[in-house]
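All remarks here apply to the structure that follows.
The values are calculated or read from the model by the stated rules, or taken from the named source; none is laboratory data. Bear in mind that the values here come from a model prediction, so they are computed numbers and not experimental data. Cβ coordinates were reconstructed from backbone atoms using ideal geometry, including for glycine residues, and neighbour counts include every protein chain displayed.
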Amino acid sequence: MMTLNELVGCLQQFSKSNDSNPAINTIEMDSRQVKDGSLFICIEGYTVDGHDFAHQAIEKGAVAILAEKPLNVAVPVIYVKDTKRAMAIISNVFYDHPTTKLSLIGVTGTNGKTTTTHLIDQILMDASVKTGLIGTMYMKIADEKVEAKNTTPESISLQQSFQKMVDQGVQSAIMEVSSHALHLGRVRGCDFNIAVFTNLSQDHLDYHQTMEAYRNAKGLLFAQLGNTYCNKDKKIAVLNADDPASKEYEKMTAAQIVTYGIDHECDVRATNIKITAQGTHFEVEAFGQKHSVQLKMIGKFSVYNALAAMTTCLVDGLPLDAIIESLENVDGVSGRFEPVDAGQPFTVIVDYAHTPDSLENVLLTVKEFVLGEIYVVVGCGGDRDKTKRPVMAKIANDLGNHVILTSDNPRSEDPLQIIKDMEEGLTENSSHVSIVDRKNAISYAVGKAKENDVIVIAGKGHETYQVIGKNTIFFDDRLVASEAIKERGINEF
């Protein structure tokens, strides 16, 4: 608990509506979460303006307001130019700068963030390090998991979660850092020790508009590592040597740089890669050491994710043989190249691939081991980057034998129009079917597949919901596929 004056004393510029100095028990940006003794922060968002909820917050117990616009209220109002920036600063002070008490690892990139953070987390846990994890699938604080609303939460939620990690004795926290979060300032005040880059390919252009802007947004993670060199608090950037964006990130950061890759000279490099339906084998050369690695995970993209995790843990001080042992024991990550086995004589793979690059990676991996034909069930999300829709369809058509275009999360858009946008990437001779209902599309593929064929169900991965209009319904590709297989009947084969 702090007084209002103590809390806002960290701000360089502000004005105050009156001299009262209440005790602040919590800070909130959602009026529904306000309690007695809260400081309510008014954030102007895309759809709602927190200033409109100031009176409601006071009725629920807010004793002070942080605002940008004039308010006629009885409680003290702290006026600043930018409440979002002020929120990040205040959150750090209120929760006593928790990331300075953790080893904080941030992972950014278009694809591979979730898998890479989970691999790092597993390696550290196997080394008896108490960990926290923040990402797309959930937030984990020591042994407790809670649902995640955003890949990277707002600064208040972040700092509160980091404080809980400190209280629980967490030593290392691993976090997916999205381009949105970086651009919107959600991670301001986070004291990262290691920043990791996976790759850059087309995504989120509905928000960033250009690939250059998208690349630069991710570059903020590396720029924000700081500008000093201290033996007690080393800052390290782990970069993918095979991705051209890494050259830009090298310029943006003052941190020490360690690289990993396959195709170019680097510090941690994989060679002699062999991909089968059972896993992936490769040799790794790391800082003069050479070891053999046998992953249960499949594909070249899995090698990149493993290299990113391996390099991160090496610079964090763990021995290479222990890192490899951990990686070799990982079965995979939920919804990432995840097989669905209901006794059928063909393969069904569910993957989160929702970008052109990730879909291409998955299909190229399947082509490495498929003995039959490839069925691709794929859609694109509504209210998101429209330019990738025809590209996704073209990739599915180029690399698959049978393409089934369907719905992903159409949200407020007409799912038929989304499919029509995808069809723009196909030629007149393209062999595809369009089935709006995702369940029917999956059932169609299951009904057509023969022995040794592979069905790839792309786009939703671990998600257990589908957003149609304003409704969110339960939907799990894995369960739907499994039920379709059972309905077809194994005895048919």
Quiz item: How many of the residues making up the range 443-493 are without any contact (Cβ under 8 Å) to a residue 60 or more places away in the chain, of a type in the set (Val, Ile, Thr) and within 16 Å of Ala342 (Cβ to Cβ)?
Solution: 1
Self-check item: Residue match in the range 163-171 (condition: without any contact (Cβ under 8 Å) to a residue 60 or more places away in the chain, over 24 Å from Val258 (Cα atoms) and of a type in the set (Lys, Arg))
Solution: yes
Exercise. Return only the number of the condition from (1) at pLDDT below 85; (2) farther than 24 Å from Leu66 by Cβ; (3) not hydrophobic (A, V, I, L, M, F, W, C) that Pro153 does not satisfy.
Key: (2)
Quiz item: Looking at the range 100-132, which of its residues are basic (Lys, Arg) and either outside any helix (DSSP H, G or I) or under 9 Å from Ser172 (Cβ atoms) (or both)?
Solution: Lys130
Quiz item: Which condition number does Ile324 fail, the rest of (1) surrounded by 14 or more Cβ atoms within 10 Å (Cβ to Cβ); (2) assigned to a helix (DSSP H, G or I); (3) under 23 Å from the mean Cα position of the chain (by Cα) being met?
Solution: (3)
Quiz item: Can you tell me which of Ile58, Ile65 is in contact with a Leu (Cβ under 7 Å, 6 or more places away or on another chain) and at pLDDT 95 or above?
Solution: Ile65
Self-check item: Looking only at the range 87-138, and only at residues there that are without any contact (Cβ under 8 Å) to a residue 60 or more places away in the chain and small (Gly, Ala, Ser), the one that is nearest to Gly219 (Cα to Cα)
Solution: Gly135
Quiz item: Does the range 139-160 hold any residues that are of a type in the set (S, T, N, Q), surrounded by 23 or more Cβ atoms within 10 Å (Cβ to Cβ) and either out of contact with any Pro (no Cβ under 7 Å at 6 or more places or on another chain) or without any contact (Cβ under 8 Å) to a residue 24 or more places away in the chain (or both), and which are they?
Solution: Thr152, Ser155
Practice problem: May I ask you to say which residue of Thr198, Thr276, Thr280 is surrounded by fewer than 16 Cβ atoms within 10 Å (Cβ to Cβ), within 18 Å of Asn361 (Cβ to Cβ) and not assigned by TED's automatic domain parsing to the domain that holds Lys386? | Solution: Thr276
Quiz item: Could you list, in sequence order, the residues of the range 331-373 that are of a type in the set (Lys, Arg) and under 21 Å from the mean Cα position of the chain (by Cα)?
Solution: Arg336
Quiz prompt | Residue satisfying all of: in the range 166-177; over 11 Å from the mean Cα position of the chain (by Cα) and within 24 Å of Ala308 (Cα to Cα); surrounded by the fewest Cβ atoms within 10 Å (Cβ to Cβ) among these | solution = Gln171
Self-check item: Odd one out for Glu424 among (1) crowded, with 19+ Cβ neighbours inside 10 Å; (2) farther than 29 Å from Gln344 by Cβ
Solution: (1)
Quiz item: Of the residues Ile78, Ile90, which is modelled with pLDDT of 95 or more, crowded, with 21+ Cβ neighbours inside 10 Å, touching a Lys or Arg at 6+ places or on another chain (Cβ under 7 Å) and more than 30 Å from Ser358 (Cα to Cα)?
Solution: Ile78
Quiz item: Has the range 21-44 got any residue that is more than 32 Å from the chain's Cα centre (by Cα), of a type in the set (A, V, I, L, M) and surrounded by 20 or more Cβ atoms within 10 Å (Cβ to Cβ)?
Solution: yes
Quiz item: If you check Asp357 against the conditions, is it charged (D, E, K, R), out of contact with any strand residue (DSSP E or B) (no Cβ under 7 Å at 6 or more places or on another chain) and not assigned by TED's automatic domain parsing to the domain that holds Leu119?
Solution: yes
Quiz item: Mind checking which residues of the range 327-343 are buried (at least 23 other Cβ atoms within 10 Å of the Cβ) and modelled with pLDDT of 95 or more?
Solution: Leu327
Practice problem: Name, by its number, the condition in (1) in a helix (DSSP H, G or I); (2) closer than 16 Å to Leu405 by Cα that does not hold for Val456. | Solution: (1)
Self-check item: Unique match (being of a type in the set (Phe, Trp, Tyr), surrounded by 19 or more Cβ atoms within 10 Å (Cβ to Cβ) and in contact with a helix residue (DSSP H, G or I) (Cβ under 6 Å, 6 or more places away or on another chain)) among Tyr375, Tyr352, Tyr444
Solution: Tyr375
Exercise. Would you confirm whether any residue within the range 429-439 is surrounded by fewer than 16 Cβ atoms within 10 Å (Cβ to Cβ) and touching a His at 6+ places or on another chain (Cβ under 9 Å)?
Key: yes
Quiz item: Within the range 258-265, can one find any residue that is at negative phi, touching a strand residue (DSSP E or B) at 6+ places or on another chain (Cβ under 6 Å) and assigned to a loop (DSSP other than H, G, I, E, B)?
Solution: yes
